[in-house]
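Since the structure comes first, as structure tokens, the remarks are kept for the end.
The values are calculated or read from the model by the stated rules, or taken from the named source; none is laboratory data. The structure presented is a predicted model; accordingly, all values stated were derived computationally and were not measured. Areas reflect the complete protein model, heavy atoms only, side chains present, ligands, DNA and RNA absent. Shrake-Rupley method; radii C 1.70, N 1.55, O 1.52, S 1.80 Å.
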Amino acid sequence: MRNRPFPLALIAACSLLFAPAGLLAEEGREAERVSRASALAPGHGVVILSVRSELYLLDELNVWFVREGGSIANQEDLVRFTRSQSALVFGNHTTKYKVRAYALPAGRWRLAGHGVRCEKVPAPDERCLVDVKVLGIGQTVRFPSRGYDEDAPVFEVRAGALTNAGDWGLTARNTIEWSQIPADEARRWERRLDALPDGPPVEVPEGYRLRYGLSPRSYQDDKNRRY
């Protein structure tokens with residue numbers, strides 16, 4: 001695993017403890033997990049989805065989706081899926097699949113952005129910058145983040161159906177790229193929810209498809225142009 005300059009690593013890690021409370025605010029509602037089809041509310045469907053990261057995550061990664069025809073400003077139209085790195089585990093283990101099932105209102109959901117410690121969904125190509133000062137040492141730290149345009153991938157949720165939305169991986173290029181969930185990783189949820197009919201496939205432009213496998217990397221600073 002590549003190492004990053006120690007002072008910046010220390011500042012960024014300590015910033016999680018000393019940051020203003022408002023900085024840790026999260027926008028959008030976290031998708032509600034579901035374990036059985038009978039728990040679905042009317043007008044809802046199920047989506048199985050995985051989030052991974054090849055960057056070591058100093059804080060929770062949010063991947064946001066907005067419902068088409070809705071607004072990012074409306075909490076009902078904005079949903080987030082998360083992934084975090086356990087502080088008790090040495091090294092980056094977020095390249096492994098973590099498939100979960102979620103209940104979502106019917107509709108078409110478009111990738112809107114991703115971010116670590118972002119107070120809002122970034123605008124297209126925007127980055128989240130955090131001013132950090134710990135023990136008299138100050139620095140502006142750029143966290144992995146990016147917003148996406150209207151051409152971003154879309155998955156559709158249909159009431160009473162199961163959509164396999166695939167895997168959404170944060171790369172060292174600071175991009176979210178999509179790939180299929182391996183059959184053996186998805187099988188447990190598909191069996192548990194096999195009473196539901198299948199929803200449509202994900203619509204993914206070629207530029208958003210995962211080009212290389214995810215390899216564990218350290219949390220590198222902006223000088224190395226990783227994000």
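Worth pointing out:
- Computed on protein heavy atoms with a 1.4 Å probe, the accessible areas place 77, 131, 59, 151 in the order 131, 151, 59, 77, largest first.
- The slack in the chain from residue 140 to residue 82, taken as 0.36 nm per residue of separation less the alpha-carbon distance, amounts to 18.5 nm.
- Accessible surface of the range 29-208 [probe 1.4 Å, protein heavy atoms]: carbon and sulfur percent: 48 percent
- By a 1.4 Å probe calculation restricted to protein chains, residue 211 has an accessible surface near 140 Å², given to the nearest 10.
- Solvent-accessible surface of the range 29-208, averaged per residue with a 1.4 angstrom probe and all protein chains in place: 45 square angstrom.
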